[in-house]
Amino acid sequence: MRPEILFPLFAEVGSLKGVGPRTLPLVQKLAGPLVRDVLFLAPTGVITRRRTTAIDAVEGQVGVFDIVVDRMVAPNRPGAPLKVRASDDTGFVHLIWFGGSPQHIERQLPRGERRLVSGKVERYNNEVQIVHPDWIVPLDKGEEIPAVEPVYPATQGITSRQVRKIALSALAAAPEFPEWQDAAWLAKQRWLGWRAAIEALHAPSIELDLEADAPVRQRLAYDELLAHQLALARRRRARQITPAPVIRPGVVSEALLSALPFRLTGAQDQAVGEVRRDLASGEQMGRLLQGDVGSGKTAVAALAMADAASSGFQSALMAPTEILARQHHQRLGPMLEAAGAPAILLTGRDTPAERREKLAALASGEARVAIGTHALFQDAVRFDRLGLAVIDEQHRFGVNERARLQAKGDPRTGGVHLLTMSATPIPRTLELTQYGELDVSRLTEKPPGRTPVATAVLPLARIGEVAKRLKAAVESGAQAYWICPLVAESEAVDLAAAAARAVDLRRLLGAEVGLAHGQMPGAEREAVMADFADGRLPVLVATTVVEVGVDVPNASIMVIEHADRFGLAQLHQLRGRVGRGAKASACILLYGGEDGGLGETARQRLETLRRTEDGFEIAEEDFRLRGGGDPLGLRQSGFPAYRFADPIRHRALLLAAADDARLVLGRDPDLLSERGKAIQVLEALFDWKTERAALD
Ligand code: ADP
Ligand code: MG
């Protein structure tokens, strides 16, 4: 329920002074539907005005001139500007309008009268001109022209000044709230109280006040981040109090562990420990297992599934592609079965008879593990006692799909534990904003036996050399991926380029070269990939279909054309396809096309890749290089639509807010203390609960 003190801010924006029927839709579009939204609409700039004269005026500054009107020159043809010639004691000032009404302008600037006129100074033939003056007043009204004027977002039909008026009437409606921030923290930061901060937001005096590190911005960003982290922490708590089956390791787990052809790494051991603690807690697990390609996530998941089987529960392992589901089934199926947990593979390609049989095995509980693709969500898929859902490459699935799988649990035994896995290491900030409700385990250590990948960055012009060395490698039994990205406007052009590259390479190498891309019929593509996986094809030219999960240990060379067009994370993933066997591996990043150039940021990005193979380090660096002020990029990386916070520039605040939120809810889960009550107001003010996209 919304606290009463917030009602004025949650009124419709139409109730504000200055919003009429014509401007209402414009304000709604600029700010949002509520008074609060206008209140949160920050100025984007500041105009500073100075009294000046025709001789002293500085180009680019906003000047206020004390002028006498000489005459008006109406446009002599359509499209020509309307001009007013004026002067002060030092020279001429030309005022210019495109599309102004002569009558209206003549009324404001009658011939022979003295006026104060303000506007941005341009110089033309060394005379001052002002296009569309922003103020024109008689001499005795000079104080109406503000010396400092915040600039608001505006749009066709509503000016910055109108928006400012509306923002100020929203400000008048803003109450002071009981302080929700910790007093000591507030004092340490030397931040203003909320009411004073929001007032200052609308009264910047210099551009610096608008920067992310201005104290007022920081205070409001922190409020916003804390509210968001509280909402996430609450969801996390809600999940934790959902009862779920108590799952403990047992005979199946032991049998599986001893059947694994390797010993767990320290990082795997730790992750298994974290998962086991969750599974045995009686609370529902929600855990994200992060680790580079090849870091050994599958073994962790397999042990969790074996634990479930040991405790009499079934598990589902969902993979985004059929190839991956098959690979999981091929590798895990026999081991699980031998350990006492029969596993079935469910894909879209089963015959009706096969499918019926598999579904029956799941429904009866005879099959303990279901491995599959989206086919697992379908209503016909029923479990006897589903206790654990594992989702591989979680970013490929939506929240709904995850929920549908979890809904297949048995109400008698409680919620279904969730383990999601991601091979895309993400920066801590993104982890907190996107997956704040999940607990995270990180596999930071690679299994032994992986060979480092030597990475080179070369211009595409040196492709001949690359092909020559590739030929030698292939002749001595190596296998290589050759990635051609989609870069042209038209996919057809790109595919043609990839096909042409395959032909080139066939000729240059004198060897078989396969081609796989996203537009091929699934069966055909999988046949090519299978030929490559089995070593029948030495070289595979591909668009980005190899991105996800496929494991070909003998492949030791990765060539990526137009590497500068890829995201760092994607390049890192692609490179992760090699270095999996005993052979020394190489990754060659070819940049540029005919023009061959490479910008500074692009160069730094590729250099990062050359320097390190640590996915977490690469993710942080990628993030840093993107810099702040890129809302589009940030949203694409999964950031919620913050109004004040910038996850890059406010990184430290975000980390602090996440700690703070968990601390607050840990100490006072129902928010009943003095600060707790104030925090309820904060949460309701930002209202992240209803901003679903931000939380999913
Ligand atoms: P990913 O994290 O990409 O899913 P996988 O689980 O597929 O990685 O593991 C990659 C490869 O490493 C597999 O061939 C697997 O058998 C092997 N592997 C996993 N854990 C270990 C380990 N502790 N020691 C040696 N090899 C391991
Ligand atoms: Mg995997």
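For every residue, the table says whether it meets (1) over 25 Å from the mean Cα position of the chain (by Cα); (2) without any contact (Cβ under 8 Å) to a residue 40 or more places away in the chain; (3) within 16 Å of ligand 1 (Cβ to nearest atom).
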site: Gln218; (1), (2), (3): no, no, no
site: Arg239; (1), (2), (3): no, no, no
site: Ala259; (1), (2), (3): yes, no, yes
site: Ala280; (1), (2), (3): yes, yes, no
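Within region 1-22, residues that are open to solvent by less than 30 Å² (accessible area, probe 1.4 Å) have Cβ atoms under 7 Å from residues that are part of a loop (DSSP other than H, G, I, E, B) in these pairs: Leu9/Ala173; Leu9/Ala174; Phe10/Arg2; Val13/Val19; Val13/Ala31; Val13/Pro33, counting only partners at least 6 apart in sequence or on another chain.
If you check Thr321, Thr347 for being of a type in the set (Ser, Thr, Tyr) and within 16 Å of ligand 1 (Cβ to nearest atom), only one passes: Thr321.
For the structure I just gave you, tell me whether Asp88 is charged (D, E, K, R) and under 49 Å from the mean Cα position of the chain (by Cα). So Asp88 fails the test. Taking the criterion of being part of a helix (DSSP H, G or I), surrounded by fewer than 24 Cβ atoms within 10 Å (Cβ to Cβ) and more than 16 Å from ligand 2 (Cβ to nearest atom), the residues of region 277-312 that qualify are Arg277, Asp278, Ala280, Ser310. Report yes if some residue within region 305-316 is within 15 Å of Ile391 (Cα to Cα) and either within 27 Å of the chain's Cα centre (by Cα) or polar (S, T, N, Q) (or both); otherwise report no. Yes, region 305-316 contains a residue that is within 15 Å of Ile391 (Cα to Cα) and either within 27 Å of the chain's Cα centre (by Cα) or polar (S, T, N, Q) (or both). Within region 391-441, if we keep just the residues that are closer than 18 Å to Ala301 by Cα and of a type in the set (Asp, Glu), the residue that is nearest to ligand 1 (Cβ to nearest atom) turns out to be Asp392.
For (1) within 16 Å of ligand 2 (Cβ to nearest atom); (2) in the same structural domain as Gln479 (by TED's automatic domain parsing); (3) in contact with a His (Cβ under 6 Å, 6 or more places away or on another chain); (4) modelled with pLDDT of 90 or more, each residue gets a yes or a no:
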position: Glu561; (1), (2), (3), (4): no, yes, no, yes
position: Cys587; (1), (2), (3), (4): no, yes, no, yes
position: Thr601; (1), (2), (3), (4): no, yes, no, no
position: Arg626; (1), (2), (3), (4): no, no, no, no
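Condition check: within 27 Å of Ala403 (Cα to Cα), surrounded by fewer than 16 Cβ atoms within 10 Å (Cβ to Cβ) and more than 15 Å from ligand 2 (Cβ to nearest atom). Does Ser258 satisfy that? No. Within region 369-406, restricting attention to residues that are open to solvent by 50 Å² or more (accessible area, probe 1.4 Å) and at pLDDT 85 or above, which residue is nearest to Pro352 (Cα to Cα)? Checking each candidate, the answer is Ala380.
A count restricted to region 297-337 and to residues that are out of contact with any Gly (no Cβ under 9 Å at 6 or more places or on another chain) and not aliphatic (A, V, I, L, M) stands at 7. Is one or more of the residues making up region 98-113 part of a strand (DSSP E or B) and of a type outside the set (S, T, N, Q)? Looking for residues that are part of a strand (DSSP E or B) and of a type outside the set (S, T, N, Q), one finds none in region 98-113, hence no. For region 220-268, a residue qualifies if it is small (Gly, Ala, Ser) and farther than 30 Å from Gly333 by Cα, and the qualifying residues are Ala221, Ala227, Ala231, Ala233, Ala238.
State yes or no: is Pro342 open to solvent by 10 Å² or more (accessible area, probe 1.4 Å), at pLDDT below 95, over 34 Å from the mean Cα position of the chain (by Cα) and away from ligand 1 (no atom under 16 Å from the Cβ)?
On the way: open to solvent by 10 Å² or more (accessible area, probe 1.4 Å): yes; at pLDDT below 95: no; over 34 Å from the mean Cα position of the chain (by Cα): yes; away from ligand 1 (no atom under 16 Å from the Cβ): yes.
For Pro342, the condition - open to solvent by 10 Å² or more (accessible area, probe 1.4 Å), at pLDDT below 95, over 34 Å from the mean Cα position of the chain (by Cα) and away from ligand 1 (no atom under 16 Å from the Cβ) - is not met.
So, Gly414, is that one on the phi > 0 side of the Ramachandran plot and at pLDDT 90 or above or not? So Gly414 fails the test. Is it the case, given these coordinates, that Val272 is modelled with pLDDT of 95 or more, within 16 Å of ligand 1 (Cβ to nearest atom) and open to solvent by less than 30 Å² (accessible area, probe 1.4 Å)? In short, yes.
The values are calculated or read from the model by the stated rules, or taken from the named source; none is laboratory data. The structure displayed is predicted, hence computed values, not measured ones. Because the Cβ atoms are built from the backbone with ideal geometry, glycine has one as well, and the counts that use them run over all protein chains shown. When the accessible area is computed, the model is the full protein with side chains, heavy atoms only, and any ligands, DNA or RNA have been set aside. Shrake-Rupley method; radii C 1.70, N 1.55, O 1.52, S 1.80 Å.
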